[in-house]
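The values are calculated or read from the model by the stated rules, or taken from the named source; none is laboratory data. Values in this document were obtained by computation on a predicted structure and should not be read as measured data. Glycine gets a Cβ as well: all are built from the backbone with ideal geometry, and neighbour counts include every protein chain shown.
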Amino acid sequence: MVIADQKVVSIHYRLSNDDGQIIQESASGAPLSYVHGAGNIIPGLESALSGKTAGDKLNVSVDPEQGYGARNDALIQELPRDVFEGVEDIQEGMQLQAHSEQGTQVITVTKVDGERVTVDGNHPLAGQTLNFEVEVDSVRDATAEEIAHGHVHKEE
Ligand code: ZN
């Protein structure tokens, strides 16, 4: 079966940056499953997988525009510590969830200076070229419910 829209695709993958550092990988024996064409994975990887079949191996280099976007300096903000009411101990490197009209966003605390806290709303992988080594594990038809929901349902 060929990978196309409305197929459930399972892949093993390893993601590394341009320095060869491994950023993420699927656990052995537990591939990542997604609904093709539903925007579950980054566009550059999804389009590279179109037309492939189970057993295919590919190396894909994804530019930031087809990945997590360019870094946007406007997403870096300095805020008073009061804003983080309820967070016990604000530290550099902490990741927090921020809720806004645009939905839930992960922000990273990049600096704590007394009462001033600097946060960065960029995706941690924004601005990076992403190098994927991928092996297609399986391809099946998505169920009507999976297509309606736009995500994979676990098989029993
Ligand atoms: Zn669902």
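Select from segment 140-151 the residues that are outside any loop (DSSP other than H, G, I, E, B) and within 21 Å of the chain's Cα centre (by Cα) and write down the one among them that is farthest from the ligand (Cβ to nearest atom).
Looking at residues that are outside any loop (DSSP other than H, G, I, E, B) and within 21 Å of the chain's Cα centre (by Cα), I get Ile147.
Scan (1) within 16 Å of the ligand (Cβ to nearest atom); (2) of a type outside the set (Ser, Thr, Tyr); (3) farther than 20 Å from Ser50 by Cα; (4) in contact with a helix residue (DSSP H, G or I) (Cβ under 9 Å, 6 or more places away or on another chain) for the single condition Gly114 breaks and write down its number.
All conditions pass for Gly114, except number (1).
Only one of these conditions is not met by Asn17: (1) more than 24 Å from Gly150 (Cα to Cα); (2) without any contact (Cβ under 8 Å) to a residue 40 or more places away in the chain; (3) surrounded by 11 or more Cβ atoms within 10 Å (Cβ to Cβ); (4) not acidic (Asp, Glu). Which number is it?
All conditions pass for Asn17, except number (2).
Just to check your reading of the model, which residue among Ala126, Ala74 is surrounded by 10 or more Cβ atoms within 10 Å (Cβ to Cβ) and either over 25 Å from His36 (Cα atoms) or more than 16 Å from the ligand (Cβ to nearest atom) (or both)?
Answer to the check: Ala126.
Within segment 38-51, which residues are of a type in the set (Gly, Ala, Ser) and either surrounded by fewer than 18 Cβ atoms within 10 Å (Cβ to Cβ) or touching a strand residue (DSSP E or B) at 6+ places or on another chain (Cβ under 6 Å) (or both)?
Gly39, Gly44, Ser47, Ala48, Ser50, Gly51, listed by residue number.
Anything in segment 130-154 that is over 20 Å from Ala30 (Cα atoms), aliphatic (A, V, I, L, M) and touching a residue at least 12 places away in the same chain (Cβ under 8 Å)? List them, or say none.
Answer for segment 130-154, where residues must be over 20 Å from Ala30 (Cα atoms), aliphatic (A, V, I, L, M) and touching a residue at least 12 places away in the same chain (Cβ under 8 Å): Leu130, Ile147.
Six or more apart or on different chains, Cβ under 8 Å: which pairs go from a residue in segment 109-129 that's farther than 25 Å from Asp63 by Cα to one that's aromatic (Phe, Trp, Tyr)? Could you list them?
Short answer, once both residue conditions are applied: Val117/Phe84.
Which number in (1) touching a residue at least 24 places away in the same chain (Cβ under 8 Å); (2) surrounded by fewer than 18 Cβ atoms within 10 Å (Cβ to Cβ); (3) in the same structural domain as Ala144 (by TED's automatic domain parsing) marks the one condition that Glu25 misses?
(1)
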